[in-house]
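Report on one structure; see the data block that follows.
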Amino acid sequence: MIWVYISELLLYLSFSILTGTLIIQLVPKSLKPTILLNKRIVQLSIIGIMVFSAAPVLRLVQIFYKDQGLLEAMLNVIRSFEVGRAWSLTVVIALFFFLLVTFFPVFQNRKLTILSMAYLFALILVFAWASHSTSIANWSGFVFHTLHYAAVITWVGILLVVGWFSIDSRNWLQFLSWFTSVAVICLMFIFGSGIILMQFVLDTKDYGNAWAIPYGQALLIKHLLILPVLIFAFINGIWAKRKLEQKEKVNPLPWVKVESVALLLVFAATAVLGQQEPPLNIDQTLLNNGPSALFDFFYAGTIDTVENIQINFSNISVILFILSAIFALIMLYAFKMRASTVVSFVMGLLCTLCLYLGFMSSIQ
Ligand code: HEM
């Protein structure tokens, strides 16, 4: 199963790099640092989308091929399953996209860059079509998944491309002058659509109860991993900007890199989340599959219904929450003291870990 999670993570990464590369291409030179990009990156991202979006298809083929044989199972999945049909459409669109990028100057011609973005948007729509949210909530699931995903890969894509393909940090204040607003708008869309997507699968009052099953665990860990991302976004979007405006010497690139790595952890949690059975009926899921291994580790008794779950913040939980606040402050202090970004990153992980242990130690 790990291979499906890794493939999903690489799929989100391919979509993000493709989105970031095309958007940055449209930004005037005076509003961005010097970024080394070539169409090879776009070609590789398109191939990545074709290959890594096949994982859910192969997972289904793996179930059927023993009875039906490989070819029959492949054809059966592609013809009669949503993920199979979505994948074949993804491959067709990606192939034409690849030919466009290979034989036409998409980097030199603005119209062709915009045509490339139309292809990208078509791939985002097909991805949303095959999602949990669409299978559960049809059109509204489709629309909010598209919004959520498009906002995520726009924000993460620009961060990844500027963070890892820039060779200097000139024009940084000019870059922040537009990117900070884009990041804030994306975040608002991500949170708004994320909460709505969550409500398609889970009643908010069941948020704690869902920790008993893998989907709920993955969703909690995803949310707790977002906190360090927001702290890095504050450092990069506001604090570094203020220091640069006061003519203080700051090298922003390592901090953008560490923010993008923290975001990849959110991608990893989401890759696991997307493959778990949605908690439409938690008790039924518990009955069918038993509690999540992580929940089992923290919950002393046996559980057959979430009715029995009580959430009471014990002294231990409170101490752990205080510790996580301290680690969050050290993340900021590390930037103030110009310490290595690794220190801040590790403090971010410890902040998330203490929050997680705080919540898990509060279930009785
Ligand atoms: C930095 C912030 C976030 C990132 C990078 C992120 C990333 C993603 C990605 C890549 C997907 C698509 C998963 C797929 O279909 O395979 C997704 C889906 C989802 N996200 Fe987020 N998200 C973020 C914030 C949130 C927030 C704040 C919430 C809820 C409050 C949320 C709830 C969801 C839900 C419920 C899904 C659908 C998962 C499924 O069942 O397939 N996300 N997110």
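The values are calculated or read from the model by the stated rules, or taken from the named source; none is laboratory data. Being a predicted model, the structure only gives us computed values, none of them experimental. Cβ: placed from backbone, ideal geometry, glycine included. Neighbour counts: every protein chain shown. Note: areas computed on protein heavy atoms with side chains; ligands, DNA, RNA excluded. Shrake-Rupley method; radii C 1.70, N 1.55, O 1.52, S 1.80 Å.
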Given +1 on the Cβ of Lys and Arg, -1 on the Cβ of Asp and Glu, and no further charges, what dipole in debye does the range 1-94 carry about its Cα centre, rounded to the nearest 20?
420 debye
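Please work out whether the chain counts as rounded, prolate or oblate from its C-alpha gyration tensor, where a ≥ b ≥ c are the square roots of the eigenvalues and a/c under 1.5 means rounded, while otherwise a/b larger than b/c means prolate and anything else oblate?
Because a/c hits 1.5 or more and a/b fails to exceed b/c, the chain counts as oblate.
Within the set of other residues whose C-beta is less than 15 Å from the C-beta of Ser30, count the net charge using Lys and Arg as +1 and Asp and Glu as -1.
Charge balance near Ser30 sits at +2.
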Label-point separation (nm) for Arg242 and Met1, each offset 7 Å from Cα along Cα-to-Cβ?
4.5 nm
Under a Cβ-Cβ cut-off of 14 Å, what is the net charge of the residues other than Ala54 that fall near it, where Lys and Arg count +1 and Asp and Glu count -1?
+1
Just add up the charged neighbours of Phe232: K/R +1, D/E -1, any other residue whose Cβ is under 11 Å from the Cβ of Phe232.
0
Percent relative contact order for the range 1-99, counting Cα pairs under 8 Å at least six residues apart, stands at 30 percent
By how many nm would the segment from Tyr207 to Leu264 grow when fully extended, if each residue of separation counts as 0.36 nm and the alpha-carbon distance is taken off?
18.2 nm
Once phi is turned into θ = phi - 60°, what whole-Hz ³J(HN,Hα) does the Karplus curve with 6.51, -1.76 and 1.60 give for every residue of the range 82-99, x standing for Gly and Pro?
3, 4, x, 5, 4, 5, 5, 5, 4, 5, 4, 4, 5, 5, 5, 4, 4, 5
Under the Karplus relation with 6.51, -1.76 and 1.60 and θ = phi - 60°, whole-Hz ³J(HN,Hα) for the range 34-48, x at Gly and Pro, equal 6, 10, 8, 10, 9, 5, 4, 4, 5, 4, 5, 5, 5, 4, x
Using a 1.4 Å probe and counting only protein heavy atoms, arrange Met50, Met360 so the residue with the most accessible area comes first.
Met50, Met360
Starting from 0.36 nm per residue, how many nanometres of slack lie between Met198 and Asp168 once their C-alpha separation is accounted for?
6.8 nm
Ranking by accessible area, most exposed first, for Phe52, Phe179 with a 1.4 Å probe
Phe52, Phe179
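How do the peptides 185-192, 252-259 rank, highest first, by the average count of neighbouring beta carbon atoms within 10 Å per residue?
Working: 185-192: 15.8, 252-259: 21.2.
Descending mean neighbour count gives 252-259, 185-192.
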Which value at 222 nm does the chain reach when only helices count, each DSSP H run of 4 or more adding -39,500 (n - 2.57), with the total divided by all residues and rounded to the nearest 500 deg cm²/dmol?
-25500 deg cm²/dmol
Test of understanding: extend the Cα→C-beta vector of Thr305 to 7 Å, then name every residue of the range 183-205 with backbone N under 14 Å from that spot.
none
Mean separation of Cα contacts under 8 Å, 6 or more apart, over the residue count of the chain: relative contact order %:
18 percent
Fully extended, how many nm does the chain gain between Val343 and Phe103 (0.36 nm per residue separation, minus their Cα-Cα distance)?
81.9 nm
Sort Lys243, Lys39 by heavy-atom solvent-accessible area, probe 1.4 angstrom, most to least.
Lys39, Lys243
Tell me the relative contact order for the range 196-315 as a rounded percent, counting alpha carbon contacts under 8 Å between residues six or more apart.
40 percent
I'd like the distance separating the alpha-carbon centroids of the range 326-364 and the range 222-264, in whole Å.
14 Å
Considering only Ile363, Thr134, Thr285, whose Cα is most displaced toward the positive end of the charge dipole of the chain, charges sitting on Cβ of Lys, Arg (+1) and Asp, Glu (-1)?
Thr134
According to a simple spin-label model (label point 7 Å from Cα along Cα-to-Cβ), what is the distance in nm between Leu287 and Leu36?
6.0 nm
